[in-house]
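Chemist: One structure is given below, represented as structure tokens, and several questions about it will come after.
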């Protein structure tokens, strides 16, 4: 991810004719482009929102379950309904891909 961010910084400097050692935060705000690492966090946040609201595609939504559905006892996070990964650690990946 860091290599992509370096390439993105170089490309912005090239586009705006800025020196390669210039601060790129100003260039990102002028171009209204998010850095690559922030795009990743934005996509993960949108995916988790869709999973929580039931809007994610069924195969992706099946990978997650709510914490209060895993155990029957009350924990401090059970009321919040935090979502944990369900099948990512299974030995048989064929049922996840299907």
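The values are calculated or read from the model by the stated rules, or taken from the named source; none is laboratory data. In this text, all values refer to a predicted model and were calculated from it rather than measured experimentally. No Cβ is skipped: glycine too gets one built from the backbone with ideal geometry, and neighbour counts run over all protein chains shown.
Chemist: Considering the range 45-67 alone, what residues qualify as being out of contact with any helix residue (DSSP H, G or I) (no Cβ under 9 Å at 6 or more places or on another chain) and assigned to a helix (DSSP H, G or I)?
Modeler: Across the range 45-67, the qualifying residues are 45, 46, 48, 49, 52, 53, 58, 67.
Chemist: Listed residues 63, 34; which is surrounded by 12 or more Cβ atoms within 10 Å (Cβ to Cβ), without any contact (Cβ under 8 Å) to a residue 60 or more places away in the chain and in contact with a strand residue (DSSP E or B) (Cβ under 9 Å, 6 or more places away or on another chain)?
Modeler: 63
Chemist: Please find, among 41, 14, 28, the residue that is at pLDDT 90 or above, outside any loop (DSSP other than H, G, I, E, B) and surrounded by 13 or more Cβ atoms within 10 Å (Cβ to Cβ).
Modeler: Of the residues listed, the single one that is at pLDDT 90 or above, outside any loop (DSSP other than H, G, I, E, B) and surrounded by 13 or more Cβ atoms within 10 Å (Cβ to Cβ) is 28.
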